Amino acid sequence: VQLQASGGGLVQAGGSLRLSCAASGRTVSSYAMGWFRQAPGKERDFVTAISRSGGTYYADSVKGRFTISRDNAKNTAYLQMNSLKPEDTAVYYCAAAYNAGAYYRTPTFYDYWGQGTLVTVSS
């Protein structure tokens, strides 16, 4: 499967953005889908994930502000980001895992990655 992330940009603190992750090949419902982010000089961190059955998981830093979803008809996963903060600035990557298991917070769990989209939040 190929993943294409989009929707990043520059936004003021308190604003919102919606990232999209369009998948080609198998439908997104066949995968666990995740979002990670990487700020300059830092490791790639888990943001959120949605399991095949629709269960959702969030990093504490984004809980209550970010929402992951997917549209099987459009074969796309989304990351709605509200109340953005300057510390949310990073390159955001979507990922898909075809493996069984529930290691959603671990980057090595995922089989496929999108190219990343930059989110910049100004103060």
Counting only the heavy atoms of the protein chains, how much of Ser29 is accessible to a 1.4 Å probe, in Å² to the nearest 10?
40 Å²
Quick one: with all protein chains in place, what share of the accessible area of the chain is carbon or sulfur, to the nearest percent (1.4 Å probe)?
47 percent
Once phi is turned into θ = phi - 60°, what whole-Hz ³J(HN,Hα) does the Karplus curve with 6.51, -1.76 and 1.60 give for every residue of segment 32-48, x standing for Gly and Pro?
7, 10, x, 10, 10, 9, 9, 8, x, x, 10, 6, 6, 10, 5, 10, 6
Spin-label model distance (nm) - Ser51 vs Ser30, 7 Å beyond Cα toward Cβ:
2.1 nm
Applied in sequence order to segment 18-30, the curve 6.51 cos²θ - 1.76 cosθ + 1.60 (Karplus, θ = phi - 60°) yields integer Hz couplings, x standing for Gly and Pro, of 10, 8, 10, 9, 8, 10, 10, x, 5, 6, 5, 5, 7
Over the chain, average the accessible area per residue using a 1.4 Å probe and give it in Å², no decimals.
50 Å²
Cα centre as origin, Lys/Arg/Asp/Glu Cβ charges: the chain dipole, Debye:
180 debye
Mind checking the full-extension length gain between Ser16 and Gln80? Use 0.36 nm per residue of separation minus the Cα-Cα distance, one decimal, nm.
22.3 nm
Can you work out ³J(HN,Hα) from phi for every residue in segment 49-62, in order, using Karplus 6.51 cos²θ - 1.76 cosθ + 1.60 and θ = phi - 60°, giving whole Hz and x for Gly and Pro?
8, 10, 7, 4, 7, x, x, 10, 9, 9, 5, 4, 5, 10
Neighbourhood charge, 12 Å Cβ-Cβ cut-off, centred on Asn72 and excluding it, Lys, Arg +1 and Asp, Glu -1
+3
Modelled label-to-label distance, Gln4 and Thr120, 7 Å Cα→beta-carbon offset: nm?
2.4 nm
Once the Cα atoms of the chain are picked out, what are the Rg and Dmax in Å?
13.3, 41
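The values are calculated or read from the model by the stated rules, or taken from the named source; none is laboratory data. Here the structure is a predicted model, which is why all the values come from computation and not from measurement. Cβ sites come from the backbone with ideal geometry, for glycine too, and all protein chains shown count toward neighbours. SASA here: full protein model, heavy atoms, side chains in, ligands and nucleic acids out. Shrake-Rupley method; radii C 1.70, N 1.55, O 1.52, S 1.80 Å.
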